[in-house]
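What follows is a single structure, written as structure tokens, with notes after it.
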Amino acid sequence: MPVERIDMGGYTLIENAPLATRNTLRVNARARLLAEINDASKLTELLEFPAVRNGKLLVLGEGSNMLFTGDYDGTVLAMATRGVQVEQDGDVARIAVAAGERWDDFVRWTLGQGYAGLENLILIPGTVGAAPIQNIGAYGTEVAEFIDSVEAWDTQERRVAVLDRAACAFAYRDSVFKHEPGRYIVTAVRFALPRSRELRTDYAGIGEELVRMGVDKPAPFHVAEAVVHLRTKKLPDPAVIGNAGSFFKNPLIDAAQGEALKREHPELVSWVGSDGRWKLSAAWLIETSGFKGMREGDAGISNRHALVLVNHGRATGGELWAFALKVIEGVRAKFGVTLEPEPVVV
């Protein structure tokens, strides 16, 4: 079917829309309707459009946290809104950011403005609006720590809702937005960013990288540079090979199971949390189960990092998901631990 594009003023509707360039796994899926909105005030009008109101709705950022297992028989809503506004400066700045802004661009902007906090989260693909949904995290930092509130359209109550940090119910790669899928459409995120803070340099090689850089008194931009070096060395570039970054969560298990696994596998990579639960390295579990670098057709696991599911060329979403399930089953058979995917599987 041909692709038809209709400009509605503030948003655009595209019928039979190809999504291959809108997801970083490069899955060649299509949406029955793609609605791209660049004016948040037009969102209510868009949602009343008959083709949108009467069908399924999926909100899509840059597609860096999404696996389409096939075509989507509904409306894909892409937030393309832009804008960054400093509402209050001082020791802690309150900054409102439109959902459609690119996350990495925003992080670099904060560093350029002299704000601290997001330096460990540099180079994460995706949009600002997607960040609270997943509670994105990397190198010992989670975005939840710096979110003051999230503005969203509540499709259930049909009103604009402002959820403070507590209402967002943030947890490890989790939030209220994941527990109530489809209810909230994030339109903006408000951050509280300090001018200075104790830097997190004790995680996953950051300190060693700073030493290699010759930095003994790091500033936030030094930490960001170190993280960029580490990420580019470890993780494949989605522009080179299709991937969605870390595809599997680090599993959380109770202390008894953790201690039993440690006795059986002394080399187990794990961390004990403040609640006593053990967080296991999913990468170690996958690599030890023999999946790192494995490939079936064009679906496989990266040979650079065992957490990364990759599309070597023309793998379908179904083939990628089947391979991911094979990894999950292999780890469960060997360790009795069930991995969960980080991305949304559609």
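How many of the residues in the stretch 200-221 are surrounded by fewer than 19 Cβ atoms within 10 Å (Cβ to Cβ) and within 25 Å of the chain's Cα centre (by Cα)?
Summing the residues that are surrounded by fewer than 19 Cβ atoms within 10 Å (Cβ to Cβ) and within 25 Å of the chain's Cα centre (by Cα) in the stretch 200-221 gives 7.
Working carefully through the options E267, E296, find the one that is within 25 Å of L25 (Cα to Cα) and either under 20 Å from the mean Cα position of the chain (by Cα) or surrounded by fewer than 17 Cβ atoms within 10 Å (Cβ to Cβ) (or both).
E296
What residue, among those in the stretch 174-191 that are among the hydrophobic types (A, V, I, L, M, F, W, C) and part of a strand (DSSP E or B), is farthest from R94 (Cα to Cα)?
Residue satisfying both the conditions and the ranking: I185.
Quick check on my filter: what residues within the stretch 270-282 are crowded, with 19+ Cβ neighbours inside 10 Å and under 17 Å from P341 (Cα atoms)?
L280, A282, listed by residue number.
Under 9 Å between Cβ atoms, which residue pairs at least 6 apart in sequence (or on different chains) link something in the stretch 42-57 that is among the basic types (K, R) with a partner that is exposed (fewer than 12 other Cβ atoms within 10 Å of the Cβ) and modelled with pLDDT of 85 or more?
Listed pairs, sorted by first residue: K56/D73.
Out of the residues in the stretch 113-143 that are over 11 Å from the mean Cα position of the chain (by Cα) and small (G, A, S), state the one that is farthest from R195 (Cα to Cα).
That would be G140.
Are any residues in the stretch 141-163 under 24 Å from L230 (Cβ atoms) and touching a Ser or Thr at 6+ places or on another chain (Cβ under 9 Å), and if so, which ones?
Listed by number, the list holds a single entry, A144.
What's the number of the only condition in (1) surrounded by 17 or more Cβ atoms within 10 Å (Cβ to Cβ); (2) farther than 15 Å from A96 by Cβ that Y172 fails to meet?
Looking at each condition in turn, Y172 falls short on (1).
Being more than 24 Å from V52 (Cβ to Cβ) and either touching a helix residue (DSSP H, G or I) at 6+ places or on another chain (Cβ under 8 Å) or assigned to a helix (DSSP H, G or I) (or both) is the filter here; which residues of the stretch 158-173 pass it?
Passing the criteria: R165, A167, C168, A169, F170, R173.
Output the helices (runs of 4 or more DSSP H) that fall wholly within the stretch 46-145 and possess 3 or more residues being surrounded by fewer than 23 Cβ atoms within 10 Å (Cβ to Cβ), or say none.
Correct list: 50-53, 103-112.
The values are calculated or read from the model by the stated rules, or taken from the named source; none is laboratory data. All values derive from a computational prediction rather than experimental measurement. For neighbour counting, all protein chains shown are included, and Cβ atoms are generated from backbone atoms with ideal geometry for every residue, glycine included.
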